[in-house]
1. Work the Kirkwood hydrodynamic radius out for region 165-268: mean of 1/r over every pair of different alpha-carbon atoms, inverted, in Å.
2. Once phi is turned into ³J(HN,Hα) by the Karplus curve 6.51 cos²θ - 1.76 cosθ + 1.60 with θ = phi - 60°, what whole-Hz value does each residue of region 184-198 show in order, with x for glycine and proline?
3. Based on the alpha-carbon gyration tensor of region 33-97, what equivalent-ellipsoid semi-axes (square roots of 5 times the eigenvalues) come out, in whole Å, largest first?
4. To the nearest 10 degrees, how steep is helix 246-263 against the longest Cα principal axis of the chain, on a 0 to 90 scale?
5. Translational diffusion coefficient, Stokes-Einstein: compute it for region 81-202 using the Kirkwood radius over C-alpha pairs as Rh, at 25 °C and 0.890 mPa s, and state it as an integer in µm² s⁻¹.
6. Using alpha-carbon pairs under 8 Å, 6+ residues apart, how would you state the relative contact order of the chain in percent?
7. Calculate one ³J(HN,Hα) per residue across region 70-85 by plugging θ = phi - 60° into the Karplus curve 6.51 cos²θ - 1.76 cosθ + 1.60, and present them in order as whole Hz with x for glycine and proline.
8. Among 123-135, 67-79, how do they line up from the highest to the lowest mean number of other beta-carbon atoms within 10 Å?
Amino acid sequence: LSIGPGRTNFKKKPVIIIVIGMAGTGKTTLMHRLVCDMQATNKRGYVVNLDPAVMTLPFGANIDIRDTVRYKDVMKEYGLGPNGGILTSLNLFATKFDEVVSVIERRADQLDYVLVDTPGQIEIFTWSASGAIVTEAFASTFPTVVAYVVDTPRSTSPITFMSNMLYACSILYKTRLPLVLTFNKVDVAKHEFAIEWMQDFDTFQTALESDKSYSATYTRSLSLALDEFYKNLRSVGISAVSGTGVNMFFEAIEASTSDYMETYRADL
Ligand code: GTP
């Protein structure tokens with residue numbers, strides 16, 4: 001494994017990659033791809049599954065919330081629906097999260113990356129106290145990066161794209177961690193349009209002008225505000241299915257980690 005030059009001064013610690021994305025964006029498929037790639041390239045990885053409701057995983061998880069909490073039992077016990085059951089399961093697991101961190105710390109010098117899969121319903125992780133506890137527990141101990149997964153084919157309309165970027169922006173502000181915009185499914189739709197829209201304000205405006213609705217006017221002002229957000233991000237196009245872009249994904253993770261560590265977390 002080649003690690004970025006910025007990280008060579010730090011004690012050897014794995015980079016935690018928290019994979020966040022809306023339902024169906026391909027988080028689990030991406031995790032599987034990353035696990036396979038790490039095995040093929042001798043990167044030493046560890047996998048944490050935080051989705052209590054997932055039926056089957058295509059990869060083995062080293063730490064799995066389902067081994068500790070059964071979300072269907074939680075639903076019955078507390079009289080909850082599926083989302084309440086998942087949220088409460090994550091809350092229960094979060095109370096023991098220091099143990100998860102300790103397990104990883106004990107293996108720290110033998111690991112390059114820890115991949116963390118989050119629940120399918122994005123807000124259960126991003127807008128919950130337990131999501132914040134888990135994120136902070138990782139970030140205070142290890143270099144931690146968020147991979148925000150975007151369903152590229154479903155983001156080709158300028159307004160949908162803008163909504164998705166606003167969501168990514170809110171995650172950046174909530175977690176205060178480096179974020180890699182991970183445009184998935186580029187085998188179906190290439191992500192060049194997104195890069196262009198993020199780099200060239202006028203191109204995005206032209207795309208918006210084809211939509212005369214109220215929200216297009218609103219989006220114009222929002223896109224100005226997001227300009228600053230784009231400048232502080234790394235973006236990568238990937239196909240979890242074909243494997244295109246995996247190398248660039250790891251490069252973006254390393255570069256984001258180095259920047260962040262040098263600027264904010266020299267203590268790690
Ligand atoms: P939830 O856990 O339900 O939120 O889903 P997820 O975000 O984990 O997505 P999942 O990995 O289950 O993928 C959703 C669908 O997208 C599946 O049908 C995948 O086969 C498909 N998919 C994922 N990645 C890719 C990709 O890179 N290309 C294509 N063409 N399809 C993909």
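What follows is calculated from the coordinates using simple rules that are stated; it is not laboratory data. All of these numbers come straight from a predicted model, not from anything done at the bench. Cβ placement follows ideal geometry from the backbone for every residue including glycine, while neighbour counts extend to all protein chains displayed.
1. Kirkwood hydrodynamic radius for region 165-268: 15.3 Å.
2. Along region 184-198, the couplings run 8, 6, 5, 5, 9, 9, 5, 9, 4, 4, 5, 4, 4, 4, 6 Hz.
3. Semi-axes (√(5λ), whole Å): 29, 12, 8.
4. Value to nearest ten degrees: 80.
5. 151
6. 26 percent.
7. Result, rounded to whole Hz: 9, 5, 5, 5, 4, 4, 5, 4, 9, x, 10, x, x, 5, x, x.
8. Descending packing order for the listed peptides: 123-135, 67-79.
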